[in-house]
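All remarks here apply to the structure that follows.
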Amino acid sequence: MRSVGATQKWKVVLEAWRDDTLSTMIRRPGPTARPLLITVSLLGIAAGAVMVARGFLPTRTLAPAPAAPVIAFEPATLEMGELVAESPKTVAVTLRNISARTIRITAAIANCGCTTSTFPPDPITAGGTAEALVTVKAPVTQDESLMKSVTFVVDGADPVSLTVLGHVMKSAPGAVAPPTTVDSVEELALADRPTVSQPAPPTIAAPVTPPAQRPITFARVNPPIQPGARVSFPAFAAWVKGTPITSFTPGKVYVFEFFSTSCSHCKEFAELITRLARTYGAQGAEFIAITDEEAPIVKAWLALPGKLNEVPYSVVSDPDRSAMITLQNGTFRNFNPRFFVIKNGIVQWFGHPKEAEEPIAKVVAGTWDPETVRAAAITDSTVSRAKDLLDRVARECDKTGDWTPMFTALDAVRAAIPERAGQYDAQRFVIMIGLGDMPDAGYEFGRRIAKEYAQDMLTTRSLARAILNSPYAKRRDVDFAMELAVTADTLAKGEDARAADTLGLAWFSKGNREKAIENAERAVKLEKDQKTREQYKQALQKFRTGTPGPEPTKPRPATAAAGPTATPGATPSATPAPAPAPPE
């Protein structure tokens with residue numbers, strides 16, 4: 001089993017760009033914990049509003065299902081091996097079309113942020129095979145068996161499930177995440193690629209259209225579920241806890257929480273969710289937790305010591321995922337835990353529980369207007385669709401070493417999402433000075449967009465950090481990075497922790513230890529999130545004890561095209577790169 005470092009992190013980077021949080025890899029040694037059990041379920045078309053994103057989402061009418069499954073997995077059970085807390089690991093599985101017709105897998109949507117999966121962009125002919133990459137980010141909580149799921153939407157297919165086994169390693173005492181100064185766009189995409197010890201036998205792939213022949217286009221499509229949309233009350237298979245409800249009561253506020261009993265992120269925010277349920281439940285809001293697990297699993301979970309006190313709200317089982325397909329997939333995004341706040345049958349707000357208190361309080365108080373967040377929600381949904389395109393193109397570019405198609409894709413996405421133009425321009429800059437091997441043109445482009453976004457703190461800061469610690473940058477223009485870092489910190493009025501951290505790295509790269517420490521200490525003081533604060537402390541320690549100077553660069557890894565096709569059940573020889581993105 002060959003481990004892949006940070007892969008499939010594009011989703012995390014997009015989230016980080018939106019809410020300015022940072023996700024980093026943690027590699028922690030330790031003894032083996034109890035097995036991690038994950039079941040990845042592949043589902044066919046189910047009820048829900050017609051969703052037009054890339055034409056893959058299902059219609060409201062249930063289609064007659066074929067009598068026999070159309071996909072077989074090789075291996076039948078996927079073994080992940082040892083997993084390190086918060087360090088993503090990716091393993092390949094082969095999907096073999098065992099039907100007599102060509103099939104098309106149109107989506108892979110995880111029900112938890114811990115797990116992601118790719119899906120083949122091309123149809124699979126009868127008897128042909130394609131590869132999917134399943135990535136698991138082991139939770140900080142250890143010594144527990146977990147179960148995750150990924151929904152693969154297959155045209156006209158019955159549900160098929162894949163079991164994935166692994167062991168979560170226990171963190172060493174006092175272990176913390178690595179400092180943000182060693183985290184970057186390209187490191188998230190390509191770092192720690194394993195060396196292939198022995199050639200792997202090739203898999204039999206179905207004929208596909210060469211990437212160069214596929215037109216790269218992207219059209220903006222509004223999601224069917226957005227703030228202000230009217231929805232019906234979901235139908236659930238079983239009310240495991242609470243009194244069954246079949247319709248919305250006028251004037252009453254409903255908060256639907258999508259979760260899983262084994263979701264580590266759900267567990268991380270359980271205390272917050274319980275507090276919100278108690279606080280606003282006392283004011284008349286109805287909290288209903290939805291899981292796609294079968295009722296017996298949920299009952300066993302609720303029977304755990306203290307669990308009923310921790311869950312002072314209704315819990316329902318939705319194994320056919322009808323509520324998920326309508327609400328979650330209707331936003332073109334899917335993650336747990338996630339809230340949907342509804343009043344009078346109208347969606348008021350949806351998002352992560354950590355961002356939910358203000359919207360819930362205002363909806364309960366009657367002072368909330370969903371129109372105020374509709375545009376931002378639509379943009380986030382569009383960005384989520386765009387990442388699917390960019391991720392696919394980036395993997396193809398990584399195989400060939402030619403990043404020209406990525407620039408075409410970025411142009412298409414930038415034109416469709418002009419309000420995020422800075423984000424996509426920063427991605428282009430990262431590629432140009434690194435994997436694209438065009439540093440002169442890259443820095444010329446970087447200076448031009450630095451002027452264009454001179455008042456944009458996020459873009460300016462991201463450009464600075466890309467120069468300072470993109471591992472495959474051909475050269476580091478530290479003076480330019482310093483200009484950008486100073487500008488970002490000035491725009492933030494000295495009150496942004498990430499800007500202070502970036503400025504500290506710039507000073508360290510310039511050789512000024514004293515200034516680096518001064519700004520790193522400020523970053524630690526400003527940061528409110530405990531995990532991120534620990535990362536800044538690590539950076540501060542590096543500034544105190546390390547040798548000042550620019551971060552060393554790495555040679556570009558060999559392209560995947562030069563190596564063998566991944567063996568089913570084995571980690572690919574070269575990690576298919578997610579779309580490079582701004583490093584924050």
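For Ala175, indicate whether it is part of a strand (DSSP E or B) and either modelled with pLDDT of 75 or more or surrounded by fewer than 22 Cβ atoms within 10 Å (Cβ to Cβ) (or both).
On the way: part of a strand (DSSP E or B): no; either modelled with pLDDT of 75 or more or surrounded by fewer than 22 Cβ atoms within 10 Å (Cβ to Cβ) (or both): yes.
Spelling it out, it is not the case that Ala175 is part of a strand (DSSP E or B) and either modelled with pLDDT of 75 or more or surrounded by fewer than 22 Cβ atoms within 10 Å (Cβ to Cβ) (or both).
Which of the residues spanning the range 241-263 are within 30 Å of the chain's Cα centre (by Cα) and either part of a strand (DSSP E or B) or of a type outside the set (Phe, Trp, Tyr) (or both)?
Residues of the range 241-263 that are within 30 Å of the chain's Cα centre (by Cα), as a first pass: 253-263.
Correct list: Val253, Tyr254, Val255, Phe256, Glu257, Phe258, Ser260, Thr261, Ser262, Cys263.
Of the residues that make up the range 328-347, is at least one crowded, with 21+ Cβ neighbours inside 10 Å, in contact with a Ser or Thr (Cβ under 6 Å, 6 or more places away or on another chain) and in a helix (DSSP H, G or I)?
Yes, because at least one residue in the range 328-347 is crowded, with 21+ Cβ neighbours inside 10 Å, in contact with a Ser or Thr (Cβ under 6 Å, 6 or more places away or on another chain) and in a helix (DSSP H, G or I).
Do any residues in the range 117-139 that are over 22 Å from Asp388 (Cβ atoms) have Cβ atoms under 6 Å from those of residues that are modelled with pLDDT of 85 or more and of a type in the set (A, V, I, L, M), where the two are at least six apart or on different chains, and which pairs are they?
Ala126/Ala100
Would you check if Arg476 is closer than 30 Å to Lys493 by Cβ, buried (at least 22 other Cβ atoms within 10 Å of the Cβ) and basic (Lys, Arg)?
So Arg476 fails the test.
What helices (runs of 4 or more DSSP H), lying completely within the range 475-527, carry at least 2 residues that are modelled with pLDDT under 95 and within 18 Å of Ala426 (Cβ to Cβ)?
Details: elements: 478-491, 497-510, 513-526.
The helices (runs of 4 or more DSSP H) meeting that bar number zero.
For every residue, the table says whether it meets (1) surrounded by fewer than 23 Cβ atoms within 10 Å (Cβ to Cβ); (2) under 26 Å from the mean Cα position of the chain (by Cα); (3) among the aromatic types (Phe, Trp, Tyr); (4) not assigned by TED's automatic domain parsing to the domain that holds Glu86.
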{"site": "His265", "(1), (2), (3), (4)": "yes, yes, no, yes"}
{"site": "Glu268", "(1), (2), (3), (4)": "yes, yes, no, yes"}
{"site": "Ile273", "(1), (2), (3), (4)": "no, yes, no, yes"}
{"site": "Thr279", "(1), (2), (3), (4)": "yes, no, no, yes"}
{"site": "Ala295", "(1), (2), (3), (4)": "yes, no, no, yes"}
{"site": "Ala303", "(1), (2), (3), (4)": "yes, no, no, yes"}
{"site": "Gly306", "(1), (2), (3), (4)": "yes, no, no, yes"}
{"site": "Ser317", "(1), (2), (3), (4)": "yes, yes, no, yes"}
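Of the residues Lys537, Lys542, which single one is touching a Ser or Thr at 6+ places or on another chain (Cβ under 7 Å), under 21 Å from Lys510 (Cα atoms), modelled with pLDDT of 90 or more and assigned to a helix (DSSP H, G or I)? If you could, list the steps in order and put the result at the bottom.
Numbers: Lys537 fails: touching a Ser or Thr at 6+ places or on another chain (Cβ under 7 Å).
Exactly one residue qualifies, and that residue is Lys542.
Here's a check for you: in the range 149-160, which residue that is modelled with pLDDT of 70 or more and over 22 Å from the mean Cα position of the chain (by Cα) is surrounded by the most Cβ atoms within 10 Å (Cβ to Cβ)?
Ranking the qualifying residues of the range 149-160, first place goes to Ala157.
Out of curiosity, is Thr372 of a type in the set (Ser, Thr, Tyr) and over 18 Å from the mean Cα position of the chain (by Cα)? Spell out how you get there, then give the answer.
Details: of a type in the set (Ser, Thr, Tyr): yes; over 18 Å from the mean Cα position of the chain (by Cα): yes.
So Thr372 passes the test.
Being out of contact with any Lys or Arg (no Cβ under 9 Å at 6 or more places or on another chain) and charged (D, E, K, R) is the filter; apply it to the range 69-124 and report the residue that is modelled with the lowest pLDDT.
Among those residues, the one meeting the criterion is Glu79.
For Lys252, only one of the following conditions fails: (1) in the same structural domain as Ala126 (by TED's automatic domain parsing); (2) modelled with pLDDT of 85 or more; (3) charged (D, E, K, R). What is its number?
That leaves (1) as the condition not met.
The values are calculated or read from the model by the stated rules, or taken from the named source; none is laboratory data. None of the values given here were measured: they were computed from a predicted structure. Note that each Cβ is placed from the backbone with ideal geometry, even for glycine, and that neighbours are counted across all protein chains shown.
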